[in-house]
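Peer 1: Can you keep this structure in mind? I'll have questions shortly.
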Amino acid sequence: MSPRKIHADQPDIDTPLVRELVAAQFPQWAALPLERVDSSGLVNAVYRLGTDLSVRLALRPSSTDIVQREQAKLAALAPFLPAAIPSVEGIGSPTDAFPGEWSVHRWLTGTHPSPHALVDPRGLATDLAAFVDAFRQIDLPDRPPAYPGERRTRAPMVSMDSSTREAIGELDGLIDTRAALASWDESLAAPYDGSEVWVHSDLTPSNLLVSAEGRLTAVLDFETCGVGDPACDLFPVWYLLPANVHEEFRATLDVDDATWLRGRGRVLSQALIVLRYFKDTNPALAKYAQHAVNKVLTTPR
């Protein structure tokens with residue numbers, strides 16, 4: 001079965017294609033079982049290969065060296081981080097059947113957390129704060145000068161203003177638009193001194209894995225990570241964590257009022273835009289986004 005098509009220009013990707021690519025380019029793994037992973041992601045189709053590997057194919061293939069740059073970035077970051085992150089075990093070449101690079105990753109264990117069923121919210125908050133803090137401490141002076149994700153992490157809040165307001169207008173009846181505008185205006189006015197740190201920038205439930213005990217085991221999807229506003233890594237506050245651990249998470253990271261407001265605004269903007277585009281086509285993503293919007297609008301500052 002092929003995964004659902006999210007983008008109009010998305011190529012046909014199915015199990016026979018992936019099996020053919022693996023057999024031709026990585027014959028050492030050709031005999032391993034292959035199974036599509038049901039994912040709400042917008043970037044890659046993912047297949048589990050055996051018990052220890054996964055195959056990722058971009059839903060919008062590129063002829064550039066994005067996968068190679070991702071491999072280098074992940075390898076550089078991994079030693080500094082207290083949770084497992086993806087590692088690229090092999091890079092596949094474009095073919096007539098799939099016109100872009102693709103990759104084989106090490107399989108990471110765990111399940112995606114749900115904000116409504118956290119086993120150990122305080123422990124998870126502690127783990128996430130430790131991960132964010134470790135990220136902030138990274139200093140890689142010899143890194144490539146501009147990872148693709150820095151287009152997002154370095155984007156000023158004002159650059160999101162038009163799309164955020166459009167999303168609010170189109171969600172009238174589904175959200176409290178007056179409260180959303182007021183919250184957005186407050187975040188937009190929050191000052192920023194331009195200080196930058198390493199950030200993941202998309203710490204949402206679909207990019208986190210937890211153990212049966214509810215503790216963080218791995219963080220996924222580093223496509224949009226880079227150097228940028230520290231507020232980019234406050235997403236767990238409104239996407240995942242209950243209100244009774246917010247202050248502890250905030251205190252651990254020493255987040256000032258302005259950064260807190262910018263973080264809240266970045267979450268609101270992203271969640272509104274996701275909800276606007278996928279409320280009718282991607283229920284899993286829309287559910288997370290709706291939760292985040294509601295959390296922003298109902299949680300006291």
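Peer 1: Determine the percent antiparallel among the DSSP beta bridges restricted to the chain, to the nearest 5. Before the final figure, lay out each step's value.
Peer 2: Values: 25 of 27 bridges.
Of the beta bridges lying entirely in the chain, close to 95 percent run antiparallel.
Peer 1: On the full set of protein chains, 1.4 Å probe, figure out the accessible area of THR51 and give it in Å² to the nearest 10.
Peer 2: Using a 1.4 Å probe on the heavy atoms, I get roughly 100 Å².
Peer 1: Using only protein heavy atoms and a 1.4 Å probe, report how much of SER162 is accessible, in Å² to the nearest 10.
Peer 2: Estimated to the nearest 10 Å², SER162 gives 70 Å².
Peer 1: Related question: Hey, in the GNM for the chain with a 10 angstrom Cα cutoff, which one of LEU220, LEU174, LEU275 fluctuates hardest?
Peer 2: LEU174
Peer 1: Let me ask you something else. Share of the chain's accessible area from carbon and sulfur, percent, 1.4 Å? Provide the component values of the computation, followed by the final result.
Peer 2: Numbers: 7300 of 13840 Å².
Result for the chain: 53 percent of the exposed heavy-atom area is carbon or sulfur.
Peer 1: Same structure again: Per the helix-only calculation at 222 nm, which mean residue ellipticity applies to the chain, given -39500 (n - 2.57) for every DSSP H run of n ≥ 4 and division by its residues, nearest 500 deg cm²/dmol?
Peer 2: Details: 10 runs with 116 residues, N = 301.
It lands at -12000 deg cm²/dmol.
Peer 1: Round to the nearest 10 and give me the degree value, 0 to 90, for the angle of helix 121-136's Cα axis relative to the longest principal axis of the chain.
Peer 2: It is inclined by approximately 80 degrees.
Peer 1: Would you tell me the accessible area of GLU213, worked out with a 1.4 angstrom probe on the heavy atoms of the protein chains, in Å² to the nearest 10?
Peer 2: Roughly 120 Å² of GLU213 is accessible to a 1.4 Å probe.
Peer 1: Under 11 Å from the Cβ of ALA292, count the other residues' Cβ atoms, weight Lys and Arg +1, Asp and Glu -1, and hand me the total. Could you put the intermediate results ahead of the total?
Peer 2: Working: positive: ARG264, ARG266, LYS287, LYS295; negative: none.
So the environment of ALA292 carries a net charge of +4.
Peer 1: Sort largest first and round to whole Å: the equivalent ellipsoid semi-axes of the stretch 210-257, each the square root of five times a Cα gyration tensor eigenvalue.
Peer 2: Numbers: eigenvalues 72, 68, 15 Å².
Equivalent-ellipsoid dimensions as semi-axes: 19, 18, 9 Å.
Peer 1: Order VAL119, VAL104 by their accessible area, 1.4 angstrom probe, all chains in place, largest first. Please report the intermediate quantities before stating the final value.
Peer 2: Numbers: VAL119 105, VAL104 0 Å².
The ordering from most to least exposed comes out as VAL119, VAL104.
Peer 1: A further question follows. What is the calculated FRET efficiency for ASP133 to SER93, with r their C-beta to C-beta distance and R₀ = 45 Å, to the nearest 0.05?
Peer 2: Details: r = 39 Å, r/R0 = 0.86.
For R0 = 45 Å, the calculated efficiency reads 0.70.
Peer 1: Now a separate question. From Cα pairs below 8 angstrom and at least 6 apart in sequence, can you work out the relative contact order of the chain, rounded to a whole percent? Write out the running numbers ahead of the final one.
Peer 2: Working: 479 pairs, mean separation 51.7, N = 301.
Across the chain, relative contact order equals 17 percent.
Peer 1: If you line up the long axis of helix 283-298 against the longest principal axis of the chain, both from Cα atoms, how many degrees apart are they, to the nearest 10?
Peer 2: Compared with the principal axis, the helix lies near 20 degrees.
Peer 1: Just to make sure I understand: if all protein chains stay in place, what is the order of LYS287, LYS295 by accessible area at 1.4 Å, largest first?
Peer 2: On the way: LYS287 135, LYS295 30 Å².
Greatest to least solvent exposure: LYS287, LYS295.
Peer 1: Over the chain, give the accessible area per residue in Å² for a 1.4 Å probe, as an integer.
Peer 2: Values: 13840 Å² over 301 residues.
On a per-residue basis, the chain sits at 46 Å².
Peer 1: Setting aside same-chain residues fewer than 8 positions from LYS73, which aspartates and glutamates have a Cα under 14 Å from its Cα?
Peer 2: Once the sequence-local aspartates and glutamates are set aside, what remains near LYS73 is ASP65, GLU89, ASP139, ASP142, GLU150, ASP221, GLU223.
Peer 1: Another question, if that's okay. Between ASP161 and ALA284, 0.36 nm times their residue separation minus their Cα-Cα distance comes to what? It would help to have the intermediate numbers written out before the result.
Peer 2: Values: separation 123, 0.36 × 123 = 44.28 nm, distance 2.54 nm.
Result: 41.7 nm gained on full extension.
The values are calculated or read from the model by the stated rules, or taken from the named source; none is laboratory data. Quick caveat, the model's predicted, so the values are computed rather than measured. All Cβ positions, glycine included, derive from the backbone under ideal geometry; neighbour counts span all protein chains shown. Just so you know, the surface numbers come from the protein's heavy atoms only, side chains and all, with ligands and any DNA or RNA stripped out. Shrake-Rupley method; radii C 1.70, N 1.55, O 1.52, S 1.80 Å.
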